[in-house]
Amino acid sequence: MEKYRLQKFVLLLMLMGAALGSCKSKQAVSSAAESSPAWAGTYSGVLPCASCPGIVTILQLNGDLSYRLETTYLEEENGSFSDSGSFHWNEPGRVLTLDSPDNTEAPSMYALADGRVIQLDMEGMMVTGQLADKYVLTPVAPLEEKYWKLVELNGKPVGFLDDWNREPHVRFQSADQRVSGTSGCNSFFGSYALEGENQVVFSALGATKMACPEMWVEQELFQVLDGTVDYAVKGNKLTFSKNTQVLARFESVALY
């Protein structure tokens, strides 16, 4: 009887050790996935909407396990919303859940696959059917979905225009390939396309028609935003150039 009890006790210790080792292994995998920068970045797309043409969705995942989610319901008044908080991994490197979404009726789970983010349904399952491929968010280019403040133009520093208090800036919206901003005087808008690894092509640029005390920033900026320019993004800095000549420098500004 004592021999049987001893064997049973040893078997129990072995099972506990295996379970503890499995737990540690899972924790190590989870920790490695959470610290990996491979998934960190900004993803965008137009997701299906039951009452509108679509939901422009921008999801930023940060390496510190924080997120920023922006959604715009097309053709709906006051249809833009933003949310931020933390997220955790359900399956390390594969499935994540937003921990603090403002809209609790919207899905909060996402899967990562082939460098893309896929929104899951309320139960955390992949959406199936004809609209399945519409729930995908793709990575954006480094210059997209940011507020770029103009700080230098043709070698000259740029700031606010005192009488108008409108900061010259530019923004690139990946969902519809639209560019917008202000010259410090007039607001402008148009289309853009990315070519190769470092070129952006501007087209159909239009602007409002106000007159301001100083127009040199607008005139020179609109010349830069004409046709094709080379761009480079390093950290929070964006540079436009042509034939290696730097035309404009920008810095990204957090809007929240």
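I'd like to check something: does the range 110-121 contain any residue that is assigned to a loop (DSSP other than H, G, I, E, B) and among the acidic types (Asp, Glu)?
yes
Looking at this structure, is GLU144 more than 16 Å from PRO48 (Cβ to Cβ), within 14 Å of the chain's Cα centre (by Cα) and among the acidic types (Asp, Glu)? Yes. The sole residue among LEU131, LEU112 that is over 30 Å from PRO168 (Cβ atoms) and crowded, with 19+ Cβ neighbours inside 10 Å is LEU112. Can you give me the number of residues within the range 168-209 that are in a loop (DSSP other than H, G, I, E, B), surrounded by 13 or more Cβ atoms within 10 Å (Cβ to Cβ) and of a type outside the set (Gly, Ala, Ser)? Summing the residues that are in a loop (DSSP other than H, G, I, E, B), surrounded by 13 or more Cβ atoms within 10 Å (Cβ to Cβ) and of a type outside the set (Gly, Ala, Ser) in the range 168-209 gives 5. For the range 89-108, the criterion of a residue being within 19 Å of ASN236 (Cα to Cα) and outside any loop (DSSP other than H, G, I, E, B) is satisfied by no position.
Name the single residue, out of those in the range 155-164 being touching a Gly at 6+ places or on another chain (Cβ under 9 Å) and surrounded by fewer than 15 Cβ atoms within 10 Å (Cβ to Cβ), that is modelled with the highest pLDDT. Once the filter is applied, the top-ranked residue is GLY159.
Looking at GLU144, GLU77, GLU152, just one residue is modelled with pLDDT of 95 or more, part of a loop (DSSP other than H, G, I, E, B) and not polar (S, T, N, Q), and that residue is GLU144.
The values are calculated or read from the model by the stated rules, or taken from the named source; none is laboratory data. Treat the numbers as computed from the prediction; the structure is a model and nothing was measured. Reconstructed Cβ throughout: ideal geometry from the backbone, glycine too, with neighbour counts over all protein chains shown.
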